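Participant: What follows is a structure written as structure tokens; I'll ask about it next.
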Amino acid sequence: MTSPHDGYLLDNARPEAGTRFEALSALFDPSTRRHIENLGIAPGWHCWEIGAGGPSVVSWLADRAGPSGRVLATDIDTSWAAEATGGVVEVRHHDVGRDGPPEGGFDLIHARLVLVHVTDREQALRTMAESLRPGGWLLLEDADPALQPLTCLDEYGPEQALANRLRSGFRSLLAARGADLAYGRKLPRLLREAGLADVNADAYFPITSPACNVLEAATVRHVRGELVAAGLATDEEIDRHLENVAAGLLDPATSPMISAWGRRP
Ligand SMILES: C[S@@+](CC[C@H](N)C(=O)[O-])C[C@H]1O[C@@H](n2cnc3c(N)ncnc32)[C@H](O)[C@@H]1O
């Protein structure tokens, strides 16, 4: 018997998920906040954070939208988002690929690293676009692993070659679950096709930082069983790679994060 969410490889129920959310927050929250500030977030805004994962973006939105605003945080597993703070936060179970739009319209809808994993991305995007108030903004941020497929941009020895081979295995696992590994680059076109105006996009990715090491180790630990079961790596290789990460021998980059935003006319 398969569960409806067998498609999502990095499920939140695993202990590594919390570490991954903290690392994602350290790596990408500054850029996410900059984008949302530029869109003009203000007290009173109604915001919908989709696939919230951890609590950091949700709590920050609650702070910015203020006591007169609304922040709806949804996920297929809300156990981490439930830690979000702020009186205006409502955390709700919702599958954006299957469930209908929530009640009320939104001034801002944000989803980071979510659509790339959702098999019915077209339906999810329709639900988001329909849920915007006139003038409301949709900000989508998604990885494009095919655009920059490496863990180590500078592959100068066997440690870096192993890291890049494991990343390639990780991509195979994602693709087998229906992830679109070239999704990020499509976002501007998809926003226009959804009827949004004033579409802009940019991209960002860290090349090395302490949080990059944390994310790399937590992700490899998370998918270790799947990598070995699929014959993409041995336990010995994974142990060696984790030692290399811990020893600071790698500069583990992430995939590029493409941020694209558009406004409902
Ligand atoms: C890679 S995490 C990103 C979490 C957070 N947005 C961030 O950037 O730190 C992906 C999140 O999307 C959620 N997710 C996956 N499929 C979903 C779906 N169909 N509907 C809603 N959330 C989903 C997962 O449970 C997980 O919390």
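Participant: Of the residues that sit in the stretch 37-55 and are away from the ligand (no atom under 13 Å from the Cβ) and not in a loop (DSSP other than H, G, I, E, B), which one is surrounded by the fewest Cβ atoms within 10 Å (Cβ to Cβ)?
Facilitator: Across the stretch 37-55, the extreme among qualifying residues is Glu37.
Participant: I want to confirm something. Restricting to the stretch 213-244 and keeping residues that are farther than 18 Å from Asp11 by Cα, without any contact (Cβ under 8 Å) to a residue 60 or more places away in the chain and touching a helix residue (DSSP H, G or I) at 6+ places or on another chain (Cβ under 8 Å), which single residue is least open to solvent (accessible area, probe 1.4 Å)?
Facilitator: Across the stretch 213-244, the extreme among qualifying residues is Leu242.
Participant: Let me ask you something else. Name the one entry in Val71, Val58 that is more than 8 Å from the ligand (Cβ to nearest atom), more than 29 Å from Ala253 (Cα to Cα), at pLDDT 95 or above and under 20 Å from the mean Cα position of the chain (by Cα).
Facilitator: None of the other options fit; the residue is Val71.
Per-residue answers, yes or no, for (1) under 28 Å from Pro265 (Cβ atoms); (2) surrounded by 15 or more Cβ atoms within 10 Å (Cβ to Cβ):
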site: Ser79; (1), (2): no, no
site: Thr85; (1), (2): no, no
site: Gly97; (1), (2): yes, yes
site: Leu108; (1), (2): yes, yes
site: Leu113; (1), (2): yes, yes
site: His117; (1), (2): no, yes
site: Ala124; (1), (2): yes, yes
site: Thr127; (1), (2): yes, yes
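Participant: Do we find that Leu166 is in a helix (DSSP H, G or I) and in contact with a helix residue (DSSP H, G or I) (Cβ under 9 Å, 6 or more places away or on another chain) in this structure?
Facilitator: yes
Participant: Looking only at residues that are more than 8 Å from the ligand (Cβ to nearest atom), in a loop (DSSP other than H, G, I, E, B) and among the β-branched types (Val, Ile, Thr) in the stretch 74-116, which one is nearest to His46 (Cα to Cα)?
Facilitator: Val88
Participant: Criterion first (in contact with a helix residue (DSSP H, G or I) (Cβ under 8 Å, 6 or more places away or on another chain), on the phi < 0 side of the Ramachandran plot, at pLDDT 90 or above and near the ligand (Cβ under 9 Å from one of its atoms)) does Phe21 satisfy it?
Facilitator: For Phe21, the condition - in contact with a helix residue (DSSP H, G or I) (Cβ under 8 Å, 6 or more places away or on another chain), on the phi < 0 side of the Ramachandran plot, at pLDDT 90 or above and near the ligand (Cβ under 9 Å from one of its atoms) - is met.
Participant: Of the residues Leu166, Leu187, Leu173, only one is under 16 Å from the mean Cα position of the chain (by Cα) and of a type outside the set (Val, Ile, Thr); which?
Facilitator: So the residue among Leu166, Leu187, Leu173 that is under 16 Å from the mean Cα position of the chain (by Cα) and of a type outside the set (Val, Ile, Thr) is Leu187.
Participant: Here is a follow-up. Could you count how many residues in the stretch 140-161 are crowded, with 20+ Cβ neighbours inside 10 Å, touching a helix residue (DSSP H, G or I) at 6+ places or on another chain (Cβ under 6 Å) and not in a strand (DSSP E or B)? Spell out how you get there, then give the answer.
Facilitator: Taking the stretch 140-161 as the starting set, the residues that turn out to be crowded, with 20+ Cβ neighbours inside 10 Å are 140-145, 151-152, 160.
Still in the running and touching a helix residue (DSSP H, G or I) at 6+ places or on another chain (Cβ under 6 Å): 140, 142-145, 151-152.
If we keep only those that are not in a strand (DSSP E or B) too, we end up with 144-145, 151-152.
Within the stretch 140-161, residues that are crowded, with 20+ Cβ neighbours inside 10 Å, touching a helix residue (DSSP H, G or I) at 6+ places or on another chain (Cβ under 6 Å) and not in a strand (DSSP E or B) number 4.
Participant: Now a separate question. Return the pairs, sorted by first residue and then second, in which the second residue is of a type in the set (Ser, Thr, Tyr) and at pLDDT 95 or above, the first residue lies in the stretch 154-165 and is within 12 Å of Leu249 (Cα to Cα), the beta carbons are less than 8 Å apart, and the residues are 6+ apart or on different chains.
Facilitator: Sorted first by the residue in the stretch 154-165, then by its partner, the pairs are Gln160/Thr151; Ala163/Thr151.
Participant: List the number of the failed condition for Gly66; all other conditions in (1) under 27 Å from Val220 (Cα atoms); (2) more than 12 Å from the ligand (Cβ to nearest atom); (3) in contact with a Phe, Trp or Tyr (Cβ under 9 Å, 6 or more places away or on another chain) hold.
Facilitator: Evaluating Gly66 over (1) under 27 Å from Val220 (Cα atoms); (2) more than 12 Å from the ligand (Cβ to nearest atom); (3) in contact with a Phe, Trp or Tyr (Cβ under 9 Å, 6 or more places away or on another chain) leaves (1) as the failure.
Participant: Here's another thing I want to ask about it. Could you identify the single residue in Arg192, Arg177 that is basic (Lys, Arg), surrounded by fewer than 17 Cβ atoms within 10 Å (Cβ to Cβ), in contact (Cβ under 8 Å) with a residue 40 or more places away in the chain and under 23 Å from Leu139 (Cα atoms)?
Facilitator: The match here is Arg192.
The values are calculated or read from the model by the stated rules, or taken from the named source; none is laboratory data. In this text the structure is predicted, and so the values were computed from the model without any measurement. Don't worry about glycine lacking a Cβ; one is built from the backbone with ideal geometry, like all the others, and counts go over all protein chains shown. Remember, those area values only see protein heavy atoms, side chains included, never the ligands or the DNA or RNA. Shrake-Rupley method; radii C 1.70, N 1.55, O 1.52, S 1.80 Å.
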